[in-house]
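Please read the structure below before turning to the comments.
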Amino acid sequence: MEESHNELPVCTILKREWRAYFNSPVAYVFIVIFLALAGFFTFNVGRFYEAGQASLDRSFFWHPWIYLILIPAVSMRLWAEERRTGTLELLLTFPVTTAQAIAGKFIAAWLFILLALVLTFPVVLTAFYLGSPDPGPIIAGYIGSALLAGAYLAVGMFTSAITRNQVISFILSAVIGLFLLLAGYPPVTDFLYGVAPSWVVETVAGFSFSTHFEQMQRGIIDLRDIVYFASVMGFMLLATHVTLNNRRTK
Amino acid sequence: MRMITGFLSPTSGSARINNYDVSEKPVEARTLLGYLPENAPSYGDMTVEEFLSFAAAMRGFRGKTARHRISETLDKCFLTSVRNQPIETLSKGYRQRTCFAQAILHDPPALILDEPTEGLDPNQKFVVRNMIRDMAKQKAVIFSTHILEEVEAICTRAIIISKGSIVADSAPAELKQQGSLDEVFRRLTTTADVGGVAQ
């Protein structure tokens, strides 16, 4: 028997996943809808032209809401589908660790969403054509949006691992995502300030996607925000690992 | 069998493949193993050849070696004519053999086959049984089946497992001295899986 090289399974899984997206309509539907929604919210709802401001605030503001619906649609099949068709058994009995399988799938899905994000570049070009926006907030906003997408995706990956039913996975991750989003949304925090002591509100808001994402939209890349998103991802991927390793039922 | 593959962890006991404990050194143990899960799952959106390239890459084969192994395995499993067809468009027999091909691609010293002839027509069963018999000349093959003639035809050792414990473990010929295999089986258990070892 030849020697196996074990640093590569992550790449192999990544490539297979990536190809599976583009073999099915999922990839095209996702990218088209994502761009259509991003464009619609930026230009029509966000009144990009009328605002008279050359910045992307109005674009980034909507990203958490678009992700809320679209990312669970991508993530729901990640494990649930493999469980349903039985390929999970095949995948996990190849000479790979569970962590490698998770990493391959997660990176593939993340890169795929980043591709959609990169394709929003015409909005940036428009802003530069119309005025001279400050590139700082734009770069920070894109980094923030990428991290935010990763966090949503990690949540969705976990909910996909705990069920073989894709609809349940979709709903669970959308609900968890909504909670994480709303916990720091000004109308909600304003309401909470009225009924709870401020340290409670700040703790809850500290767990929220929106608090951390807003910082980055303003062009502030704070290590704490990066650590926050990284720990959401780390925690959710760890939970996925535990779930996958604890499979008892057929 | 799922425990030997490391897919489930055993509540008690252990399994070793060439001295690699499946719980402690799962990756090393699985390197030596080919596995055909029940119902022969595979990725339907891939073609037969893409699927085998994926399996080859997962086993660490690259470039020329990988291509050589894939074409050799396609031949061995009579899949060459459908190599470019998406798996989901193939009949059950072809899908079964595609998954089988994945299990033998890396020429493992040990093979585990979960009901490899389930749902196949008599011709396909004949082909799969012959392949198993061929493999058994150089490998340890463990397979499960509900068809007792199969045990008689292929196995050198039969294990009857009922509700998780072994109720019989001997050569099929020895079991036959107590009556036909069907009778022995019925006497020992009402619902059970049979494991066969072909060597």
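The values are calculated or read from the model by the stated rules, or taken from the named source; none is laboratory data. The model shown is predicted, which means the values in this text are computed figures rather than measured ones. Here the Cβ positions follow ideal geometry from the backbone for every residue, glycine too, while neighbour counts run over all protein chains shown.
What to note about this one:
- Residue check, B:Ala15 of a type in the set (A, V, I, L, M) and modelled with pLDDT under 85: yes
- Failed condition for A:Arg164, given (1) within 30 Å of B:Met3 (Cβ to Cβ); (2) among the charged types (D, E, K, R); (3) without any contact (Cβ under 8 Å) to a residue 12 or more places away in the chain: (3)
- Residue that is surrounded by the fewest Cβ atoms within 10 Å (Cβ to Cβ) [pool: residues in region A:165-198 that are under 14 Å from A:Ala80 (Cβ atoms) and of a type outside the set (Gly, Ala, Ser)]: A:Val167
- Residue count for region A:153-206, restricted to those that are under 27 Å from A:Ile102 (Cβ atoms) and touching a helix residue (DSSP H, G or I) at 6+ places or on another chain (Cβ under 7 Å): 25.
- Of the listed requirements (1) assigned to a loop (DSSP other than H, G, I, E, B); (2) modelled with pLDDT under 90, B:Tyr43 misses just one: (2).
- Among the residues of region A:175-211, those identified as part of a loop (DSSP other than H, G, I, E, B) and not hydroxyl-bearing (Ser, Thr, Tyr) are A:Ala183, A:Gly184, A:Ala196, A:Pro197, A:Phe207.
- Whenever a residue of region B:96-125 is within 12 Å of chain A (Cβ to nearest Cβ) and acidic (Asp, Glu), it has no partner that is part of a helix (DSSP H, G or I) and crowded, with 24+ Cβ neighbours inside 10 Å lying with C-beta atoms less than 7 angstrom away and at least six residues away or across chains.
- Answer residue from region A:9-39, given it is facing another protein chain (nearest Cβ under 7 Å) and not charged (D, E, K, R) and is surrounded by the most Cβ atoms within 10 Å (Cβ to Cβ) among those: A:Pro9
- Residues of region B:57-86 that are touching a Lys or Arg at 6+ places or on another chain (Cβ under 6 Å) and part of a helix (DSSP H, G or I): B:Leu74 alone.
- Residue among B:Ile160, B:Ile112, B:Ile142 that alone is in contact with a Leu (Cβ under 6 Å, 6 or more places away or on another chain) and part of a strand (DSSP E or B): B:Ile160
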